[in-house]
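Q: Structure below; questions to follow.
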Amino acid sequence: MSTFLRRTWAEVDVDAVKNNYRKIRQAVGPETQIMCVIKADAYGHGAVFLAKLYEKMGADRFAVSNIEEAMQLRENGIRLPVLILGFTPAGMARELADNNISQAVFSEEYARELSKAAGEQKVNVKIHIKLDTGMSRIGFMYQDIERDSDSLEQIKRACSLPGLISEGIFTHFAVSDEAEEGREATLRQLECFKDAVGRLKADGCNFDIVHCSNSGAVIDYRQAHFDCVRAGIILYGLSPSQKLAGRLDIRQAMQIKSVVAQVKTIEAGTPVSYGGTFVSEKKMKIATVPIGYADGYSRSLGNKAYMTVRGKKAPVIGRVCMDQLMLDVSGIDDVCTGDEVIVIGDGSNNTLSFDEMAQMTGTINYELVCLVGKRVPRVYIHHGRNVGIMDSIRPANEE
């Protein structure tokens with residue numbers, strides 16, 4: 001490991017990522033396209049490196065949140081089709097068209113704005129119609145087949161506008177990761193989606209790509225795979241919920257590591273960190289580790305979580321600081337400056353996983369991987385060897 005990385009870094013297991021992609025391919029079959037969701041910098045794992053990997057593995061498409069993420073891919077040589085799932089200012093029609101970027105269209109009003117801009121800029125923009133079948137976020141409302149039938153007329157008008165190429169149609173499931181508890185609602189969304197697609201097709205409004213399966217539906221709703229699935233969190237080896245854990249043979253790809261910066265002994269009655277929320281009851285050996293909430297390690301984990309030092313659990317004591325925190329290493333022999341610390345592992349060998357940490361903090365694994373900060377370099381490990389580094393602070397150090 002390069003010397004400059006010996007503070008705090010994230011290791012991304014390329015072998016795990018490859019395994020996860022293959023398992024998804026097996027689950028959906030050869031006829032269904034895979035749209036790899038790499039928004040939010042591939043859920044914190046590094047969009048450019050992984051997009052290149054997915055291209056080589058045979059991925060069909062990418063999905064991102066916004067035009068900036070899409071252009072990052074294009075500027076780094078990634079050529080597969082890209083769909084923007086969120087909002088893009090209509091005035092950027094040329095950027096969309098010139099870079100083969102498809103845009104989600106979620107209302108007739110937005111479709112008209114995009115069509116007008118495309119006409120003024122003399123381009124044609126590929127679009128995917130977004131249906132709101134139950135998420136109540138963005139999309140043409142179609143949560144009730146009878147009540148919302150006017151939305152189909154709006155969609156037909158949108159698809160007929162000049163400068164727009166109707167490439168796809170999609171929706172997003174709200175509770176497909178909730179197993180039996182979410183089945184009724186998910187099947188209701190699926191019924192609405194199928195009804196809308198069928199009615200539009202009957203009226204001559206056809207789409208090359210029909211898609212609605214997120215990670216939960218990839219696992220639990222084979223009947224919803226259609227032409228394409230949108231694989232997100234499962235690409236990175238994390239389950240979309242604990243209720244679906246173990247249903248697909250995937251492996252967590254990311255681990256967070258750091259080092260011991262200093263070891264010291266404190267006497268009984270010594271407060272530790274801001275606010276003195278931890279006070280030693282006896283003589284203790286503590287270690288300072290250079291990671292904090294600015295790196296994405298939540299302040300709420302103070303006096304709650306643990307890290308792994310020399311294969312043993314070391315509790316986090318006191319409040320987590322912006323850049324540092326303290327561990328109780330009293331029961332661990334020979335701890336010294338420079339020792340490797342596993343901040344977040346895969347849950348084995350006394351390590352804390354993202355899923356376990358999510359339970360501690362009352363959140364989900366999605367949020368935790370996305371919060372890993374920009375100043376934490378991503379190191380890509382393949383067959384135990386460093387095959388690349390993404391360093392957002394000092395790009396010159398990338399390999």
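The values are calculated or read from the model by the stated rules, or taken from the named source; none is laboratory data. Bear in mind the structure is a predicted one, so any value in this text is a computation, not a measurement. As a convention, Cβ positions derive from the backbone with ideal geometry for all residues, glycine included, and neighbour counts pool all protein chains shown. Heavy atoms of the whole protein, side chains included, go into the accessibility calculation; ligands, DNA and RNA do not. Shrake-Rupley method; radii C 1.70, N 1.55, O 1.52, S 1.80 Å.
Q: Starting from the 7 Å offset along Cα-to-Cβ, what nm value, one decimal, do you get for the label separation of K201 and K243?
A: Placing both labels 7 Å beyond Cα along the Cβ direction yields 2.9 nm.
Q: Which Cα, out of N386, C159, A305, lies furthest along the positive dipole direction of the chain (beta carbon charges, K/R +1, D/E -1)?
A: So the residue furthest toward the plus end is N386.
Q: Moving to a separate point now. Could you sort R183, R222, R112 by their accessible area in this structure, using a 1.4 Å probe and putting the largest first?
A: Greatest to least solvent exposure: R222, R112, R183.
Q: How much accessible surface does D333 have with a 1.4 Å probe, in Å² rounded to 10?
A: Rounded to the nearest 10, the figure is 110 Å².
Q: Once label points are set 7 Å from the Cα along Cα→Cβ at both D323 and I165, what is their separation, rounded to one decimal in nm?
A: Reported label-point gap for D323 and I165 is 5.0 nm.
Q: Let me ask something else about it. About its Cα centre, how strong a charge dipole does the chain have in debye, to the nearest 20, once Lys and Arg get +1 and Asp and Glu get -1 at the Cβ?
A: Its charge dipole is roughly 880 debye.
Q: Got a sec? Which residues in the stretch 245-263 would a label at S348 touch, if it sits 7 Å along Cα→Cβ and we count backbone N under 13 Å?
A: From the stretch 245-263, the list is 250-253.
Q: Would you calculate, for the chain, the mean residue ellipticity at 222 nm contributed by helices, counting each DSSP H stretch of 4 or more residues as -39,500 (n - 2.57) and dividing by all residues, to the nearest 500?
A: Computed ellipticity for the chain at 222 nm equals -8000 deg cm²/dmol.
Q: So which of K257/K374; K23/K257; K39/K122; K18/K126 end up more than 20 Å apart by C-alpha?
A: From K257/K374; K23/K257; K39/K122; K18/K126, over 20 Å: K23/K257; K39/K122; K18/K126.
Q: Would the stretch 270-361 count as rounded, prolate or oblate if I go by the C-alpha gyration tensor, calling it rounded below 1.5 in a/c and otherwise prolate when a/b exceeds b/c, oblate otherwise?
A: Taking the square roots of the gyration eigenvalues as a ≥ b ≥ c, the stretch 270-361 is oblate.
Q: Let me ask something else. Using the C-alpha gyration tensor of the chain, what are the square roots of 5 times its eigenvalues, in whole angstrom, with the largest one first?
A: Equivalent ellipsoid semi-axes, largest first: 45, 22, 19 Å.
Q: When the label point is put 7 Å from the Cα of T270 along its Cα-to-beta-carbon vector, which residues of the stretch 311-350 have a backbone N closer than 19 Å?
A: Within reach of a label on T270: 314-321, 324-339.
Q: Here's a follow-up. Please give the length that would be gained between R22 and A294 if that part of the chain were fully extended, namely 0.36 nm times their separation in residues minus their C-alpha to C-alpha distance (nm, one decimal).
A: That works out to 94.5 nm of additional length.
Q: Let me ask another. Of the heavy-atom accessible surface of the stretch 187-345 (probe 1.4 angstrom), what whole percent is carbon and sulfur?
A: For the stretch 187-345, the apolar C and S fraction of the accessible surface comes to 46 percent.
Q: Too long at a 32 Å Cα-Cα cut-off: which of K116/K201; K282/K312; K264/K304?
A: Beyond 32 Å: nothing from the list.
Q: According to a simple spin-label model (label point 7 Å from Cα along Cα-to-Cβ), what is the distance in nm between S65 and V387?
A: Spacing of the two 7 Å Cα→Cβ label points: 2.8 nm.
Q: Express in whole angstrom the spacing between the alpha-carbon centres of the stretch 113-173 and the stretch 354-399.
A: 36 Å
Q: Based on the mean of other Cβ atoms within 10 Å per residue, sort peptides 147-159, 127-139 so the most packed one is first.
A: Going by the mean number of other Cβ atoms within 10 Å, highest first, we get 127-139, 147-159.
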